[in-house]
Amino acid sequence: MDIAAVYHRPDSEMAYLGANGVFEIRLKVKHDDVAKVELLYGDPYGTKVNEKDAGAWEHEAVMMERAFITKTHDYFVARVTLPLHRLQYAFKLTDKAGDQWLYDDRKFVPATAENMLALTCFRMPYLHEIDRIDPPEWVKETVWYQIFPERFANGDLTNDPAGTLPWGSAEPTRQNFFGGDLQGIIDHLDYLQELGITGLYLCPIFTAHSNHKYDTIDYFTIDSHFGDKKTFKCLVDEAHKRGMKVMLDAVFNHLGDFSMQWQDVIEHGQESRFASWFHINEFPVSYTKTDNDEFARDLTYEVFANTPHMPKLNTASREVQNYLHEIASYWIKQFNIDAWRLDVANEIDHHFWRHFYSLTHHLKPDFYVLGEVWHNAQSWVNQHEFDGAMNYPFTETLSDGIVAKKISLSEMASRLNEQLMLYRMPTNQVMLNSMDTHDTARLLTLCQGDKDLAKLTLTLMFLQMGSPCIYYGTEVGMAGGNDPACRACMVWDKEEQDQKMLAFMKALIKLRKDQQPVLSYGGYAWQVDDTAQVVKLTRKKDATKLCAVFNLGEKPYAVAPIGKTLLEQNFADGKLEKNGFVIFE
C-alpha cells in the first residue's frame, strides 16, 4: 500500500455535517491500491466515567464505499448519524495483500490490538448547525436561463439609445446597440415558462456606459436604456408568478470610469473623498492608450484586467464595504430578488464576502450567492462566502472530452469525479453548470455546427449534479464565436429558429425536472470504452436508477434496452449511431 497517498482532512469537504444530522466522511487513497476501508467512529467521551479507564475505545465500525474513482485516486465515502453532536474517528484499511493498517490524526500504523488502544483519532469536537454548509434547496431544482439584456428582446422602442440598429441587422460588437431591454424580457416570460425555465440569470442591468454594463456607473438605478425600477419590479413579480427565480449580476470588483466616484478622483486627485475607494499608486491617475480601447499601458491605478475603464475598488475600505452592502440589501428589500451572481468574485477579499454572505442570508434565508470563479472555488464555498460558483472547470472538462476531444473520455470521467471531490455534496448540488456564457464561444460554434454533438453534450451536462444553465438562444440553435460574437441578438423569427432543437431542449429540461432528485442527490458510476469511444453513466438514488449511453465513435454501438427509454438520439433497432445517446429508467 502506498501510505503516502492516503489522505484525510477533518472539518473540510472530507468531513462535514450534512442535512438531518448525517455526517459524511471521505478518505483518499491511491487508485486500485486498497481492498477495503472501515470507518471506526464514536463519541470522544464514550460512556465511561473516566475516559482514561482501561479498555478499548468504545466505537462502531462501518464499511466505507468506494464511491468515486479517478485515474490516480479512489475516494471511499461513509455517512453516519450521531446520537450526540460530537465525533471522533479513525480508518482501518486492508490492502490487496490482506494486510491491515490504522490511520488516525497523527500516524499510520499496523492494525494490531496494541495500536487500537493507542489511537489518537480525528476529532470533530462539536457539530454546530450554524457552521453547516446549507445552500438553498430551490437552486437544486432550478433550470437557469442566462440573458444578456441588450441582446434578448426590444420591448420598448422609446428607451432605445441613440444610434440603435435594427434588431439583428449587424454583427455584434463591443460598441453597438440593438435596443434590448427589460420589457423585452417581460414580453417573453411565457416563452421561457413553456421552455421549462425556472430561473432567470440577468447580466448587469444597472446604469453603465457600455452595452454589456459591466462598467457600472450607478448601482442604485436601472440603466435608462433598459427601463426603470417600475419595469424591473414588474419583471420580478411576473417571473415569480410563473415560478421563476431572479438572479442579478453585480460587479463589486470595480466601478466604471464614468461613475461619480471615479470622476471625482480624476478631478480632485489625492484630495478626492473617494481616493481611498480605489487602489491608486500615483496621482494624478493616468494611463497610456493603445490601439485597443480595452488595453492600456503605464496605468497608475489598478483595474480589472488591463482596461482603464474599470478601476478596481478597495473592498478593504469600510466606506466601500458599507456602500456595496447597502446595494446588496437594497435590491433584496425593495424588489425581492432571489440571488446575486458576483462578477470577478475571486479578486475580492474573503473578509468582504463573509460579511456579504451573512448580510444577504439574514435578509432572505434562502438567498443564493453565486461567485464567478474560473478555477478551484474551495476557498469561497467552504467558508460561507458563496453558496456555489460558476462551474467553469466542469465546463472545460466536459468540452475537452466531448467537443474538442483534447482528452480521452476516461480522462474526462476521472476529472469530473475529481471535481466533485473538491466540494461538499450540498455545494456540488448548487454549482452553476453551463456549456456557454456571455464570456465564451457558443456551444454550437464549438461543435463546428454539429447539432447532434451539441445535443449530446447538453444531455450529458443535464445529467450531472449541479444546477444547469442555458445561454439565451442555445435552445433555437444560435451560434457565435468568442465575445462579442457570442452576444448576438436573440432570434425570434420562427422561420429562422431551429424548431427541432427547441423541441429537444423542452424534452431535456422536462427530463431534468422529472428526475431532479436522482440527478441532484444520486451516486455516480462511469463506464468508459476509449477504443469504441463510448461513455456509460449510471445515476442511482434509492430505487431510482438512470442509465445513459453516449456514442462518440464513428461506428454503431449495440445497446440492449434495460428499461423505459426517457430520451434518445440516433438510436434505432438497438444501435447507437455516431453522436447518439439513449437514457433508460
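The values are calculated or read from the model by the stated rules, or taken from the named source; none is laboratory data. Since we're looking at a predicted model, the values are computed, not measured. FYI the Cβ positions are ideal-geometry reconstructions off the backbone, even for glycines, and counts take in every protein chain you see. Accessible surface areas use protein heavy atoms only, side chains included; no ligands, DNA or RNA. Shrake-Rupley method; radii C 1.70, N 1.55, O 1.52, S 1.80 Å.
Quick notes
- The value for the stretch 413-486 of Rg(Cα) / (2.2 N^0.38 Å) is 1.18.
- With every protein chain in place, the stretch 33-142: carbon and sulfur % of accessible area (1.4 Å): 50 percent
- With kT/(6 pi eta Rh) evaluated at 4 °C and eta = 1.567 mPa s, and Rh the Kirkwood radius from Cα pairs, the chain diffuses with a coefficient of 49 µm²/s according to Stokes-Einstein.
- Ligands, DNA and RNA left out, the 1.4 Å accessible surface of the stretch 453-584 is 50% carbon and sulfur atoms.
- Reciprocal mean inverse distance between Cα atoms of the stretch 1-116 - Kirkwood radius, Å: 14.9 Å
- Under 19 Å of direct C-alpha separation, and excluding same-chain neighbours fewer than eight residues apart, Lys289 reaches these lysines: Lys312.
- Label sites at Thr300 and Asp349, each approximated as a point 7 angstrom past Cα along Cα to Cβ, lie 2.5 nm apart.
- Cut-off 19 Å, label 7 Å out along Cα→Cβ of Met116, residues of the stretch 23-47 by amide N: 36-47
- Over the stretch 1-48, all Cα pairs binned in 10 Å intervals from 0 give whole-percent P(r) values of 20, 44, 29, 7, listed from short to long.
- Of the residues Ser12, Asn211, Gln261, the one whose Cα sits farthest towards the positive end of the charge dipole of the chain is Ser12 (charges of +1 on Lys and Arg Cβ, -1 on Asp and Glu Cβ, taken about the Cα centre).
- Distant-in-sequence amide contacts of His73, defined by a placed amide H-H separation under 5 Å and a gap of 5 or more residues or a different chain, comprise His31.
- Measuring only protein heavy atoms, the 1.4 Å probe finds Met116 accessible over about 50 Å².
- Whole-number Å³ per residue for the convex hull built on Cα positions in the stretch 350-466: 106 Å³
- Accessible area of the chain divided out per residue, in Å², using a probe of 1.4 angstrom: 42 Å²
- What the Cα convex hull of the stretch 241-351 gives, in volume per residue, is 129 Å³.
- A probe of 1.4 angstrom, applied to the heavy atoms of all protein chains, finds Trp57 with accessible area near 50 square angstrom.
- Segments 126-134, 141-149, 18-26 sorted - mean Cβ within 10 Å per residue, highest first: 141-149, 18-26, 126-134
- For the pair the stretch 61-97 and the stretch 510-563, the centres of their Cα atoms are 26 angstrom apart.
- Top positive-direction residue, dipole computed over the stretch 76-197 with Cβ charges, set Trp138, Gly163, Phe152: Trp138
- Computed from Cα atoms alone, the Kirkwood hydrodynamic radius reported for the stretch 192-305 is 16.4 Å.
- Value at 222 nm in deg cm²/dmol, rounded to 500, when DSSP H runs of n ≥ 4 in the chain each add -39,500 (n - 2.57): -6500 deg cm²/dmol
- For the stretch 131-263, the alpha-carbon coordinates run over 45, 37, 28 Å along the three principal axes, in decreasing order.
- Estimated FRET transfer efficiency (Asn20, Thr290; beta-carbon r; R0 51 Å; 0.05): 0.35
- Where Rh is the Kirkwood radius over Cα pairs, Rg/Rh for the stretch 125-166: 1.40
- Whole-number D in µm²/s for the stretch 482-585 (Stokes-Einstein; Kirkwood sum over Cα pairs; 10 °C, 1.306 mPa s): 101 µm²/s
- Distance from the stretch 142-192 to the stretch 369-447 (C-alpha centre basis), Å: 28 Å
- Straight-line cross-link partners of Lys494 among the lysines, defined as a Cα under 19 Å from its Cα and at least 8 positions apart when in the same chain: Lys451, Lys506.
- Highest-first arrangement of 530-543, 568-581, where packing means the average Cβ count within 10 Å: 568-581, 530-543
- Cα-Cα over 31 Å, subset of Lys96/Lys541; Lys510/Lys578; Lys213/Lys510; Lys36/Lys540: Lys213/Lys510
- Reach of Lys364 by Cα under 14 Å, taken over aspartates and glutamates that are not fewer than 8 positions away in the same chain: Asp134, Glu137, Asp338, Asp387
- Accessible area ranking (1.4 Å probe, heavy atoms, ligands and nucleic acids excluded), largest first, for Glu302, Glu114: Glu114, Glu302.
- Percent carbon-and-sulfur accessible area, the stretch 306-443, ignoring ligands, DNA and RNA, probe 1.4 Å: 47 percent
- Relative to the Cα centre, the charge distribution of the chain, modelled as +1 at Lys and Arg Cβ and -1 at Asp and Glu Cβ, gives a dipole magnitude of about 1640 debye.
- Accessible area of His85 in the full protein assembly, 1.4 Å probe (Å², nearest 10): 100 Å²
- Per residue, the convex hull spanned by the alpha carbons of the stretch 292-401 comes to 145 Å³.
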